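The block underneath contains the structure these notes are about, expressed in structure tokens.
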Amino acid sequence: MGSRMKQPMRPWRAALVGSAVVGITVSLGGVAAAGTPQHLKGAAAREQARAAYVRTHSTSPADSGPTNNHTPDDSDLADQFAQYEAERTAPAGAVSGDALTAAQQAASALPRAGGAWQEFTNEPYNGQPSNYTDPFWSNVGAGFSLVGGRTTALTTTRDGTWFAGTADGGVWRSTDQGRHWKAVFDGMPSLSIGSLAINPADGSLWVGTGEANVSQDSYAGTGVYRSTNDGASFTRVGNTSSGSNPIATRTVFRLAFDQAGDAYAATDNGLFRYSPHTRQWAEVLDPAGPADNPPYDQQVTDVAVQPGSGGKVVIAAIGWHGPGNTAYNGFYQSTDGGLTFAKVTPAGDVVASDIGRTTFAYSADGAKLYAIVQSVSEEAAADETVLQGIYVTSGSSGAPASVTGPWTKIADEAKLAASGSALGVGSGYGVGVQAWYNQDLAVDPANPDHVYAGLEEVFESTDAGSTWVTASPYWNYGLACGTTTAGCPNTTHPDQHAMMITDGKIVIGNDGGVYSRPLSDDQQYGDWTDLNATLRNWQYYDARAGKIGRATAVWGGLQDNGTSVLVQGRSQMAEPAGGDGFYVIVDPRNANRMVGEYTEGAMYSSTDGGHTFADYVSPTCAAQDTVGIPEIPGCDPGARFVTPLDPDQQNTNVWLTGGQYVWVSKDGWNTSCTASACSWQNVYDTGTGNAVTALSSTGGGKVIYAAWVANGGNPGSSFASGIATNYGGSWHEVNTAGLPDRYIAGVTVDSANPAHAYAIFNGYSRRFIPGGGVGHVFETYNGGKSWTDISANLPDIASDALVISHGQLALGTDAGVFTAPEGRGLSTRWTRLGYGLPNAAVDDLTPGPDGYVYAATHGRGVWRIRF
């Protein structure tokens, strides 16, 4: 979702990013009075229900922790939601970006075993398939079409080649304006992209790795890379060793150039300038000093070179979204070609004392300068919007616009809501509620008054912000066009991150991929072309396979794109359930029978392939509120945002889940949980404040291993983790002496011998995380009384999941998949499994019913290999 060369960076941010909007009251005009009852359906009903739960259970809106982008009044719960980062950094708050580079180098030195990985999710993904219309879980009526994964950056070359940068999915190239995409960055050390730019001096493509959108799964970067052949190959910019290349340990908000080819990188910890003469990066804006530690005080969210200044005037913004660490927030300017910067006090409407994340955009002639400014105080107050405003300043007498102003506010929540937004004032989730996460601007190079603004939605103005239209609403629920016979045109996916104007089009990148519409079209809504048919950058958390007839079907849960299903031989992948998607259970003999998961353990089960769902199947308090039933006495109050959900290895009708408690249902697809009866049995209490992180069972639930984390999973001195099991007949905590003090991302029990189990640890060793211990895979043959470290020659890399099949182990990590023979103990030696798998994090592995093992990657979809 910063730092000095020798200081730790924070590559995975702790604020939650998800998909689904919550707390929405929609109305026909796009603006609703607070408390006005509205008819909600589908996704809107689901999110409204979850919002009600969060508001009821929120007690500390001014918590100093980062806020949850689903529910800005939920900051007291945010720590337990910040999982993806914390799993990789605990017990510290950060880890050096060098850790990822070192792991990739170690992985590349290992021999390979096995054949080629096959991309399974290789068909377009339909976000609103016509024959999946469950009234609560589907996206029916939302106006979505084909979707990709989170797209964070866009740029185009002089010859019209487009490039899209994605969140842990690398860089994609298109030579036909987005109709076809090809991945060109899959073998690089990090596929997490923060910025793309074309150097005007030579036309080369520059890639800033490390997504800086401060989300819980904004992944680490390893530097800035350059291509002179349209992405056919890349070299790192600056010194080749990360120890002497300070940019290699940052995440990048923006890359910018002057006409001489000097480059600027706005990062999560300082602004850097690269000179083609010295071939060195130098930090030129770091008011907190070179020893700033996370969370950083100098998050530079944008940099821009003033047109017409000959590269002499460079502006930047420091904008930690807050609260806390905002002492240096503000606008900065250099008048000596970026060698030195000074903080300026903007005149006019911008509130200088309340500047958070900021995005700038000059008109082509430099006469106008636009800015989106997030409000730190609004975020601290947990208001329904954190948008301070959209502003413009203009030059006079032929002079270019100055960052000093005077600035005029041209938009705020109310004005944008009135332009046709689907996010109403007073709804609890207003326009700009995610302005710390969703920001971008684009100015028509032929018309300085024609501007686009990206927040959760896309807004357009042709008169320099005097008036606006909502070009792409969050969704179509409640819009006036929805009451007509023709209905609303398709919208794009919400949560905007990137914009470019090229080839007579506005092109946008968001949590659902890439879209475009004609620049000449300034109407409210519609006319968007979906460009996601071949953009396969989906971010999976989990995937499982089963049979439908003779075909293999794979279900999986994705960040911001629900639960997917792809049946082999079909021309599209479908999204039967929307919102965020996480764990899944699939009957391997009949994949029409599945269970999916929404936030905080809210499950939905289906026996007809996702066309209809059963709602009342969850034992967690949050889940019961989400589906609209009263909290059942004894419901689980401790479910994490991503709640473990697993079937027994020998009996798919036995399900396990866990929050504070370990739960077992033996009713399979007859599982229900209502006020009158609940199939789930609470079999173990991990302790107040603790939460289950991984589960594994065999023998129909007779033997269970459950890993847990303490104190909501927060890194720091209070961090603790452990494993409990009922092996031997009664529940108890296993011996953890000698195990690392890190997150336990997985546990796997051997079905042939329940005393034999594995514990899989995320994060990095004490080389990169003080106090983190050593090792990633540990084995017990006595039910946890003692453990053996079998990590051996594995790279020191965040590890996620392990499967046993035919006497072999397969381990999914953030640096690929590794395999070793089972039962070798201290003699274990690992090799890389297969070839051709992109370097995206492998969040889960699962054996299929067809002799393959399936890998769910967090950025490049689902892949499989014979195993």
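Being under 16 Å from ALA256 (Cα atoms) and touching a Gly at 6+ places or on another chain (Cβ under 7 Å) is the filter here, so list the residues in region 335-349 that pass it.
Across region 335-349, the qualifying residue is only GLY337.
Which residue, of SER218, SER233, is in contact with a helix residue (DSSP H, G or I) (Cβ under 9 Å, 6 or more places away or on another chain) and part of a loop (DSSP other than H, G, I, E, B)?
Exactly one residue qualifies, and that residue is SER218.
Among the residues of region 683-716, which ones are part of a loop (DSSP other than H, G, I, E, B) and of a type in the set (Ser, Thr, Tyr)?
The answer is THR686, THR688.
Could you please tell me which pairs satisfy a Cβ distance under 8 Å, a separation of 6+ or placement on different chains, a first residue in region 254-277 that is at positive phi, and a second residue that is acidic (Asp, Glu)?
Taking only residues 6 or more apart or on different chains, the pairs are GLY261/ASP202; GLY270/GLU283; GLY270/ASP286; GLY270/ASP292.
Name the pairs: first residue in region 624-635 and in a loop (DSSP other than H, G, I, E, B), second residue at pLDDT below 90 and open to solvent by 60 Å² or more (accessible area, probe 1.4 Å), Cβ to Cβ under 8 Å, at least 6 apart or on different chains?
If the second residue must be at pLDDT below 90 and open to solvent by 60 Å² or more (accessible area, probe 1.4 Å), the pairs left are ILE629/ALA675; PRO630/ALA675; ILE632/ALA675.
Out of everything in region 829-856 that is under 28 Å from THR788 (Cα atoms) and polar (S, T, N, Q), what residue ends up being most open to solvent (accessible area, probe 1.4 Å)?
THR831
Consider GLY324 against the criteria (1) part of a loop (DSSP other than H, G, I, E, B); (2) open to solvent by less than 20 Å² (accessible area, probe 1.4 Å): it satisfies all of them except one. Which criterion is unmet?
Here GLY324 clears every test but (2).
Among the numbered conditions (1) at pLDDT 95 or above; (2) of a type in the set (S, T, N, Q); (3) open to solvent by 30 Å² or more (accessible area, probe 1.4 Å), tell me where THR240 comes up short.
Looking at each condition in turn, THR240 falls short on (1).
Sort out which residues of region 819-846 are assigned to a loop (DSSP other than H, G, I, E, B) and either over 31 Å from the mean Cα position of the chain (by Cα) or within 17 Å of MET188 (Cβ to Cβ) (or both), and write them in order of number.
Result: GLU822, GLY823, ARG824, THR828, ARG829, GLY836, LEU837, PRO838, ASN839, ALA840, ALA841.
May I ask you to list the residues in region 157-183 that are open to solvent by 10 Å² or more (accessible area, probe 1.4 Å) and acidic (Asp, Glu)?
ASP159, ASP176
Being within 24 Å of the chain's Cα centre (by Cα) and at negative phi is the filter here, so list the residues in region 212-232 that pass it.
Of everything in region 212-232, those that are within 24 Å of the chain's Cα centre (by Cα) and at negative phi turn out to be ALA212, ASN213, SER215, GLN216, ASP217, SER218, TYR219, ALA220, GLY221, THR222, VAL224, TYR225.
Residues are listed down the side, and each one gets a yes or a no for (1) buried (at least 23 other Cβ atoms within 10 Å of the Cβ); (2) in contact with a Lys or Arg (Cβ under 7 Å, 6 or more places away or on another chain); (3) among the aromatic types (Phe, Trp, Tyr):
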{"position": "ASP608", "(1), (2), (3)": "no, no, no"}
{"position": "TYR616", "(1), (2), (3)": "no, no, yes"}
{"position": "ILE629", "(1), (2), (3)": "no, no, no"}
{"position": "PRO637", "(1), (2), (3)": "no, no, no"}
{"position": "THR643", "(1), (2), (3)": "yes, no, no"}
{"position": "THR652", "(1), (2), (3)": "no, no, no"}
{"position": "THR657", "(1), (2), (3)": "yes, no, no"}
{"position": "GLN660", "(1), (2), (3)": "no, no, no"}
{"position": "GLN681", "(1), (2), (3)": "no, no, no"}
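Which ones in region 472-507 are of a type in the set (A, V, I, L, M, F, W, C), open to solvent by 30 Å² or more (accessible area, probe 1.4 Å) and assigned to a strand (DSSP E or B)?
Of everything in region 472-507, just one residue is of a type in the set (A, V, I, L, M, F, W, C), open to solvent by 30 Å² or more (accessible area, probe 1.4 Å) and assigned to a strand (DSSP E or B), namely ILE501.
Taking region 143-156, which residues are small (Gly, Ala, Ser) and either buried (at least 24 other Cβ atoms within 10 Å of the Cβ) or not in a loop (DSSP other than H, G, I, E, B) (or both)?
The answer is GLY143, GLY148, GLY149, ALA153.
From the list THR408, THR385, THR393, which residue is in a loop (DSSP other than H, G, I, E, B) and of a type in the set (Val, Ile, Thr)?
Selected residue: THR385, the only one of THR408, THR385, THR393 that is in a loop (DSSP other than H, G, I, E, B) and of a type in the set (Val, Ile, Thr).
Within region 493-517, can you find the residues that are over 18 Å from THR157 (Cβ atoms) and either aromatic (Phe, Trp, Tyr) or under 18 Å from the mean Cα position of the chain (by Cα) (or both)?
HIS493, PRO494, ASP495, GLN496, HIS497, ILE508, ASN510, ASP511, GLY512, GLY513, TYR515
Only one of these is β-branched (Val, Ile, Thr), crowded, with 24+ Cβ neighbours inside 10 Å and either touching a Ser or Thr at 6+ places or on another chain (Cβ under 9 Å) or within 19 Å of ALA710 (Cα to Cα) (or both): THR671, THR620. Name it.
Going through THR671, THR620 in turn, just one is β-branched (Val, Ile, Thr), crowded, with 24+ Cβ neighbours inside 10 Å and either touching a Ser or Thr at 6+ places or on another chain (Cβ under 9 Å) or within 19 Å of ALA710 (Cα to Cα) (or both): THR620.
Looking at region 710-727, is at least one residue more than 27 Å from the chain's Cα centre (by Cα) and among the polar types (S, T, N, Q)?
yes
Answer yes or no: is there a residue in region 820-829 that is in contact with an Asp or Glu (Cβ under 6 Å, 6 or more places away or on another chain) and modelled with pLDDT under 95.
Taking every residue of region 820-829 in turn, none turns out to be in contact with an Asp or Glu (Cβ under 6 Å, 6 or more places away or on another chain) and modelled with pLDDT under 95.
Which ones in region 669-682 are farther than 24 Å from ARG593 by Cβ and outside any loop (DSSP other than H, G, I, E, B)?
Once the filter is applied, which keeps residues that are farther than 24 Å from ARG593 by Cβ and outside any loop (DSSP other than H, G, I, E, B), region 669-682 yields only ASN682.
Which of the strands (runs of 3 or more DSSP E) found entirely inside region 252-320 contain at least 2 residues meeting this: under 23 Å from the mean Cα position of the chain (by Cα), buried (at least 24 other Cβ atoms within 10 Å of the Cβ) and at pLDDT 95 or above?
Here the list reads 252-257, 263-267, 300-305.
The values are calculated or read from the model by the stated rules, or taken from the named source; none is laboratory data. Since we're looking at a predicted model, the values are computed, not measured. Backbone-built Cβ (ideal geometry, glycine too); neighbour counts: all protein chains shown. What goes into the accessible areas is simple: the full protein's heavy atoms, side chains included, and nothing from ligands, DNA or RNA. Shrake-Rupley method; radii C 1.70, N 1.55, O 1.52, S 1.80 Å.
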